[in-house]
Structure formats: C-alpha cells, structure tokens
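Below is one structure, written out as structure tokens, with a few remarks after it.
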Amino acid sequence: RTYIQATPSKIGAERMAVVVQEVAGTKHGEAYYPDISGVARSYDYWPFGSCENTDGMANVALGLGKTIVDGGVSFRFCPLHPNVPHYGSVRELMKQSQKTLYAVALGSQVGHTGLDDSATLVQLDLADAERDGVAEELVSTYDPQSDRLYPGTGRDGARVLDFGPMLQGDAFPLARIVGLMLRMGEVSLGCPVEIEFAATLDDRTAQVLCRQM
C-alpha cells in the first residue's frame, strides 16, 4: 500500500496474491522450529573444488529460514558432492558456523498493528537446541588434539553446526533429498531452479516432513 501511494496507480486497481503456508517444525517448550531450513539452487555460480556449476548448491541452517533469508550464518554444501569442503580449514569453519537460531515464540501476542518479528520470534542458542535433543544429528564435535571434527555429540568439545552426521554419515540422506528436489524441479520447469525448504525429523528417526515452494 505504501508503494502504491508513491506511484500514479490506484490501490483499487491493484491485485496481489497471498500464500498462507504451514510452518514446519516441532514444539520445544515455548518455542517452535524445524530441524533444518534451507535454500537450494540447481546452478552454482561459485562452485568449490571439484564441483561443477550444474552440480548445484545448498545453504542450510537450524531453526527458521529467517537465518538464511536475512543473510545470516548458514552451512553451504554441494548436494552431489557433500564431502567436498567449502571452507579452508576446520578453524575457519568453526568461526563461520551458526551459533544462534530463530524460533516461533508460542506465547507471543500479536496486536492489531500487524506482524512484527520482535513480537513473534525468539532467538535461541545452539546449546538450547542440544538441550531440546535436536543437535545430535546436526552437529560435529571439535577435538583440539587432532584438530578434527567428529560427527555427533558423543565426545566432549566445542559443537560445530556442520550437519556432519547427515552429510558425512548416514543419520539422514539430506544431500540426496536436496539433489532429488533440484533435479525434479529442473525437469519439470526446463530451467535452473531455486527451492526453499524446511524439514523436521519425526521422533528423531529417518522420517521427514518437508515443506517446499
């Protein structure tokens, strides 16, 4: 409405479609958020290592997709080559890894003035997600003696949100699912695609509930 008022157009002559979409996630106390949110592109303009432009790329994060949409810290990987590192070193990855996440604040009150992120969302720490039982399939643990990351939370050390148990192990076939979505999108539309998605592990098993557009 504000934009239209600044142009010669009449508000009564304008039409806009509105999509109401279910938020994927799980309730954790007074917070609600998905295990994974991400944006995937079938064409990568800046491929790493042995990856090709047509192999695609994905940015994933824990919690609501606001982290990625707002340009926050997320983890980047190639769906066809998830083991190809996109970071120069373990130390660099640790510095650039996600430390906080966004969740819906279930107890929030929204007034008549409209939606406001500060009123409807809450920002949590990675430690909160670990207490919620979410982090085990998403993080790796840093071992300073070997200067290596080990998938999961089975040892003491700093947690790094690199989705290691999924991309380096067999906790959940994240890379294959993202790659399949991109291929299906390209075949259906006949051109490169970009897909936003979110996923929640069902009872911490390999089942997944996805929302994509």
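Applying the selection to the range 6-56, what residues are among the hydroxyl-bearing types (Ser, Thr, Tyr) and over 19 Å from the mean Cα position of the chain (by Cα)?
The answer is Thr7, Ser9, Tyr45, Ser50, Thr54.
In this structure, is Ala103 at negative phi, touching a helix residue (DSSP H, G or I) at 6+ places or on another chain (Cβ under 6 Å) and in a strand (DSSP E or B)?
No.
Is there any pair with a first residue in the range 94-107 that is open to solvent by less than 50 Å² (accessible area, probe 1.4 Å) and a second that is modelled with pLDDT under 90 whose Cβ atoms are under 7 Å apart and which are 6 or more apart or on different chains, and what are they?
Val104/Val23; Val104/Thr120; Ala105/Thr120
Would you pick out the residues in the range 36-78 that are part of a loop (DSSP other than H, G, I, E, B), polar (S, T, N, Q) and either open to solvent by 60 Å² or more (accessible area, probe 1.4 Å) or within 30 Å of Asp132 (Cβ to Cβ) (or both)?
Scanning the range 36-78 gives Ser50, Ser74.
Which one of these is under 28 Å from Val193 (Cβ atoms), open to solvent by 50 Å² or more (accessible area, probe 1.4 Å), in a loop (DSSP other than H, G, I, E, B) and in contact (Cβ under 8 Å) with a residue 24 or more places away in the chain: His86, His81?
So the residue among His86, His81 that is under 28 Å from Val193 (Cβ atoms), open to solvent by 50 Å² or more (accessible area, probe 1.4 Å), in a loop (DSSP other than H, G, I, E, B) and in contact (Cβ under 8 Å) with a residue 24 or more places away in the chain is His81.
The values are calculated or read from the model by the stated rules, or taken from the named source; none is laboratory data. Only a predicted model underlies this, so the values are computations on that prediction, with no experimental measurement involved. Positions of Cβ are generated from backbone atoms using ideal geometry, with glycine treated the same way; all protein chains shown enter the neighbour counts. Ligands, DNA and RNA are excluded from the accessible area calculation, which covers all protein heavy atoms including side chains. Shrake-Rupley method; radii C 1.70, N 1.55, O 1.52, S 1.80 Å.
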